[in-house]
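Quick notes on the structure that follows.
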């Protein structure tokens, strides 16, 4: 396995994330999206929401972005999904390309599976027609893969059948990396893995090809891979928090953004003050036994708001840009995607980027404070 494969997947994820959201923004959007079992959609289906459940059949592609995504029905085309938890139990006639925290496939996929997540589980009822390319902390293959299993994982478990080759890179960590081939596993091709640790292969496991272990090489461009991982995590986290703000807290988010449109410059100073005075205030509270719990809560809230403030500013930037292109647009999906990308690029500028990041935090904090203060006055 070569690093260029991982680089390609990371690049694909960064491209897939905004594309899926943009396309989804043009169709169904809401907190909860449900396609009943009796419903048949003849073409493509795009959706964004907190909880998305598809029990019906989709005649084209399914492109969704949300927190919890469940696909129980059949999809004739491809699935492109971005979410925290993604479960696919139906029959998929095309490819599956998913990005998330927990990914589980228990159904049949006619073509390829490309999965990026913390946990990637191919359940015992899964049947993949072609190849699987997976990147995850934990990768389990319990069903049938009719092609190759390729990817990167800290831990991998094979209990099912792989008709062709397995090519896995388990990284350089001696303490974490592990490859387990159980007694029920059938590998009709070769087993190739890269790890400092020898694979745990059951004596009853059937490997009809060769088994080769390679040891990780120290990459000269490891800094580039570290940057790529950091970029991916930053973009995905920002987008996910943005989805929560756009759908879960839509009214509050709209109120904050409306306040920023009127007097954005006046929000910076209050944000700066809040950022600077909160830690000393928490320290003062800690000097009293009664104030310790309050200080902990205050610091936790402060850290959360520091992150959320940047997303608020990204939404505001995106909304400004979109308003110049389409003044009638009311959806916040375009502003979210564009704003996150623009702010990320701006904050990546050496030296100047750090200052831009501070301005973004101050602006967002000030806007949140202004909204909260106005709501308090109206009580």
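The values are calculated or read from the model by the stated rules, or taken from the named source; none is laboratory data. Fair warning: this is a prediction, and the values are worked out from it, not measured in the lab. Cβ atoms come from the backbone with ideal geometry, glycine included; neighbour counts cover every protein chain shown.
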Next on the checklist: Checking residue 352 against (1) more than 26 Å from the chain's Cα centre (by Cα); (2) more than 19 Å from residue 231 (Cβ to Cβ); (3) modelled with pLDDT of 90 or more; (4) surrounded by fewer than 19 Cβ atoms within 10 Å (Cβ to Cβ): exactly one of these is not met. Which one?
Outcome noted: (2)
Checklist entry - What number of residues within the range 262-278 satisfy the criterion of being loosely packed, with under 13 Cβ neighbours inside 10 Å and at pLDDT below 90? => result 3
Checklist entry - Looking at 321, 317, 312, 356, which one is farther than 21 Å from residue 271 by Cβ, assigned to a helix (DSSP H, G or I) and in contact with a helix residue (DSSP H, G or I) (Cβ under 8 Å, 6 or more places away or on another chain)? => result 321
Item to check | Subset of the range 324-345 that is free of Cβ contacts under 8 Å to residues at least 12 places away in the same chain and either exposed (fewer than 13 other Cβ atoms within 10 Å of the Cβ) or part of a helix (DSSP H, G or I) (or both) - its residue that is nearest to the chain's Cα centre (by Cα) | outcome: 345
Next on the checklist: When you check residue 309 against the structure, is it under 20 Å from residue 252 (Cβ atoms) and buried (at least 21 other Cβ atoms within 10 Å of the Cβ), yes or no?
Outcome noted: yes
Item to check | Which listed residue is under 29 Å from residue 130 (Cβ atoms), surrounded by fewer than 11 Cβ atoms within 10 Å (Cβ to Cβ) and at pLDDT 95 or above, from 180, 210 | outcome: 210
Checklist entry - Within the range 130-149, is there a residue that is over 20 Å from residue 164 (Cβ atoms) and touching a residue at least 40 places away in the same chain (Cβ under 8 Å)? => result no
Item to check | Count of the range 71-86 residues which are surrounded by fewer than 20 Cβ atoms within 10 Å (Cβ to Cβ), in a strand (DSSP E or B) and free of Cβ contacts under 8 Å to residues at least 24 places away in the same chain | outcome: 1
Checklist entry - Considering the range 279-306 alone, what residues qualify as being surrounded by 11 or more Cβ atoms within 10 Å (Cβ to Cβ) and in a loop (DSSP other than H, G, I, E, B)? => result 291
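Let's see how each residue does on (1) in a helix (DSSP H, G or I); (2) at pLDDT 80 or above; (3) surrounded by 11 or more Cβ atoms within 10 Å (Cβ to Cβ):
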site	(1), (2), (3)
230	yes, no, no
236	yes, no, yes
242	yes, yes, yes
259	yes, yes, yes
Checklist entry - Mind checking which pairs have a first residue in the range 248-268 that is within 16 Å of residue 310 (Cα to Cα) and a second that is part of a loop (DSSP other than H, G, I, E, B), Cβ under 9 Å, 6 or more apart or different chains? => result 253/332; 254/332; 257/332
